[in-house]
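Heads up: the structure comes next, in structure tokens.
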Amino acid sequence: MPATHPPAPANGRPPVSTLTRLGPRPLLVALTMYLVMTGATVPTALYGLWARQYGFGTLMITVIFSIYVIGVLVGLLGLGGVSDAIGRRPVLLASVAASTVSDVGYLVAHSLTMVFAARLVSGLATGLVAGTATAAMVDLAPAGLRGPASTTALVANAGGLASGPVLGGVFAQHLSSPTHLVYVAHLVLLAVAAVGTWFAVPPGRRRPEVSLRPRGLAVPAEVRAPFWQSSSAGGAGFAVGGLINVVVGAFLVHLVGVHDLLLAGVIASTVFGTVAVGQVVGRSLTVSTGMLLACVGLFVSCLLNAASLATGSVEVLVLAGITAGTGTGLAIGQGIATINTRCPPERRGETNSAFFAVMYIGLAVPVIGAGVAVNQMGLRSGGELFSGCVAVVVVAIGLSLMWELTRSQAQEPSFEPELEAVGEEVLVPLCHKPRAVLYL
């Protein structure tokens, strides 16, 4: 491990007060991540407008969404380790460039095919920035602050995803040419992101010891267990949040009778906004406690989501989004903090990218299935069936976590404190906790 990054505290999470010491360079990278992620979710509030313009329904919305996820996975799995080999700056600038191309695509789109293309490139931008920006912030953070840097990256990620639907909703509800003007505004913000990245991140250089060959979901042995536990739970949370984002417009129109694109954007943003809350709350919890609470929150969110569809209650839908976001935040916050304090620096970019890839797979596959179910069975029945399936998955993850925790405790070696003699003095152990013995 480089000398600039001494070992973090035992729990991998320095005191919250140290967040103020991160400095401007990691925060400029966080701004870039925030703005690219904002662009990724602006379409949430625009799906209704595109549906009327091009004449499609809920199933096509999930297809558009799945095209975005394909782009994300190409960026994460195909290019996720590139920044480890050539440096963070080129990849971050490439993500801003891809987001720019996507915005221009939306601006000139005159067919659904062009919307598909713009959505695919938007996914690529997300995939490039998610793991790379997280790794860059950890690299640039002062010594001992990798935990807070990881948390800040996740807050920027979730904050951007939460801001996009609101930004799109404001333009869609209150301004003319909403599918164009919002992207003009976002292009200006991306220019700011490009300048900030250029000055904050050192120039890239080729590291011959790091391969450019895609490694897929290869995960270092040091972080394998927390990686799979937290990414699986986070993927289940993304599945619930993704369903809410896809169907919220149809929910308001068909079950509530409200045509308000801004309200749809605000409801969608609650999911990703509370992901950041879950990450912050999780800093004060142990990994096992945080993960178990995450599973409980996700299970409750599935029940609330089904209840909102059954009753047509907007309030219950919002509560479902809040609990889903908080549970997801608990899961991924615990995982990313652990990964970035233990992962070898030369594999930090690809490991973060693989982590997000698992979650986006968890987001894409169920949401596409939900789209098919909603199309065949209707919004209410299809959504309820999807919620029940995700609840089963969450219970399975929770049970596996409890089994792993029980197994690790059973294998914990017993510890009998021994008195250590030094000359004629006897050193008396003051702490009976294994591997943490203090002597007087």
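The values are calculated or read from the model by the stated rules, or taken from the named source; none is laboratory data. In this text, all values refer to a predicted model and were calculated from it rather than measured experimentally. Every residue, glycine among them, receives a Cβ derived from its backbone with ideal geometry; neighbour counts consider all protein chains shown. Side chains included, ligands, DNA and RNA excluded: accessible areas come from the protein's heavy atoms. Shrake-Rupley method; radii C 1.70, N 1.55, O 1.52, S 1.80 Å.
Here segment 151-190 has 74 percent of its accessible surface on carbon and sulfur atoms, given a 1.4 Å probe and all protein chains in place. FRET efficiency for the pair Phe56 and Ala396, taken as 1/(1 + (r/R0)^6) with r the Cβ-Cβ distance and R0 = 30 Å, rounds to 0.30. Compared with the direct C-alpha span, the chain from Ser111 to Val192 gains 26.2 nm at full extension, assuming 0.36 nm per residue. Amide H to amide H distances under 5 Å link Leu22 with no residue, where only residues 5 or more positions off or on other chains count and H is placed in the peptide plane.
Solvent exposure of segment 16-77, expressed per residue, is 37 Å² of accessible area, with all protein chains present and a 1.4 angstrom probe. For Ser308, what charge total do you get from the other residues with a beta carbon under 13 Å from its beta carbon, if Lys and Arg give +1 and Asp and Glu give -1? Neighbourhood net charge equals -1.
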